Amino acid sequence: MTTPETNRKKGWFQRLKTGLKRSSTALSGGINDIFVKRKLDATTLEELEDLLIMSDLGVSASHSVCRNLSENRFDKKISTAEVQTALAAEVATILRPVACPLDINDDHRPHIILMVGVNGAGKTTTIGKLARKFLNEGKSVMLAAGDTFRAAAIEQLQIWGERNAVAVVAGKVGADAAGLAYDAVRRARDENIDILMIDTAGRLHNKSHLMAELGKIIRVIKKQDASAPHSTILVLDATTGQNAVIQAGVFQQAAAVSGLIMTKLDGTAKGGVLVAIAEKFKLPIHAIGVGESIDDLQAFDADDFSRMLVGLET
Ligand SMILES: Nc1nc2c(ncn2[C@@H]2O[C@H](COP(=O)(O)OP(=O)(O)OP(=O)(O)O)[C@@H](O)[C@H]2O)c(=O)[nH]1
Ligand SMILES: [Mg+2]
């Protein structure tokens, strides 16, 4: 029977599949080239490991995937589809422990979410998408334009606020971001808001003064609620490939990141980087972005993602 729920799921599968097309075509084409009329032996395994590393899965994840594959199937003839299936299963084993929906604690009012990440990663857009999701779940939402560096950044968040019909706390360009965050927390508390999302300026992870400012925002929020921020979400752009791995390391140190959202998995061949990051940092992956529109963000499902990544149908 077709229900709105199955239609919605189908629509999302389609978007995920289309989004991951470049990553999955590179991987499945490469697997086919390696294994056509060949068996799983030392040579083909080495070629497979190289392919996985080139596909941004990271050296360590690529190695463990190949090692596990070889334990079960060594010296046997194996079809491309069998390699894809086994590979998806291995990747899913790495991803399953980190596939973790964003947990909103109703005891915190507001539940404060701080969005961090480098320039252009997709922080502001992701806030807009998350606001829609929370509203659909019946929560009240407020946004804070903590990126006070650029007028365009404040306007961009205000547009997302209008689209979602939620209040945006914003100050003047050049205002102190920590002060703005302080005001936003107070206002959200006064208005009994469920979820406050604070946008921040894109920080280059090697700019120490910007990192120091992030620390100041966090300290100021804590003055009003010692348990806040309740979620510090690092937004990573998949198209940056291995650079996203470096960003995750630096932000984890600077801001006690509690979870990740990876954006722009559409239109990149570097989607495998999500596996490298999962393997290395073990941080929860809350959601993935596969497009610019408000509905292009979904909870992260390890099995669906793994199968799509290696080019299998669902
Ligand atoms: N294709 C695609 N584009 C995305 C996705 N998420 C965000 N974008 C686009 O990426 C660009 C940058 O997004 P922003 O949300 O402005 O990024 P930001 O991290 O807030 O950037 P700064 O404010 O400069 O630090 C915009 O053009 C977005 O539409 C995604 O999942 N897929
Ligand atoms: Mg922004």
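Okay, here's what the table says:
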| read-out | value |
| --- | --- |
| FRET efficiency for Leu312 and Gln242, using Cβ-Cβ distance with R0 set to 35 Å, rounded to 0.05 | 0.90 |
| The chain - Rg (one decimal) and Dmax (whole number), Cα, Å | 20.9, 68 |
| Where labels lie 7 Å past Cα in the beta-carbon direction, separation of Arg67 and Lys39 in nm | 2.4 |
| Residues with amide H under 5 Å from that of Ala287, placed H, sequence gap 5 or more | Met262, Phe300 |
| Theoretical FRET efficiency, 1/(1+(r/R0)^6), r = Cβ-Cβ of Asn119 and Lys216, R0 22 Å, to 0.05 | 0.70 |
| Spacing of the two label points (7 Å from each Cα toward its C-beta) at Lys172 and Ser79, in nm | 6.9 |
| Simple label model, 7 Å out from Cα along Cβ direction - Phe13 to Arg109, nm | 4.1 |
| The chain - mean residue ellipticity at 222 nm from DSSP helices (-39,500 (n - 2.57) per run, n ≥ 4, rounded to 500) | -17000 deg cm²/dmol |
| Fully extended contour minus Cα-Cα distance, from Gln253 to Glu155, at 0.36 nm per residue | 32.3 nm |
| Peptides ranked, highest mean first, by Cβ atoms within 10 Å: ranges 32-42, 302-312 | 302-312, 32-42 |
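Bear in mind these aren't lab numbers, they're just calculated from the coordinates by the rules spelled out. Just so we're clear, the structure is a prediction, and the values are computed from it rather than from any experiment. Positions of Cβ are backbone-derived with ideal geometry, glycine not excepted, and every protein chain shown enters the neighbour counts.
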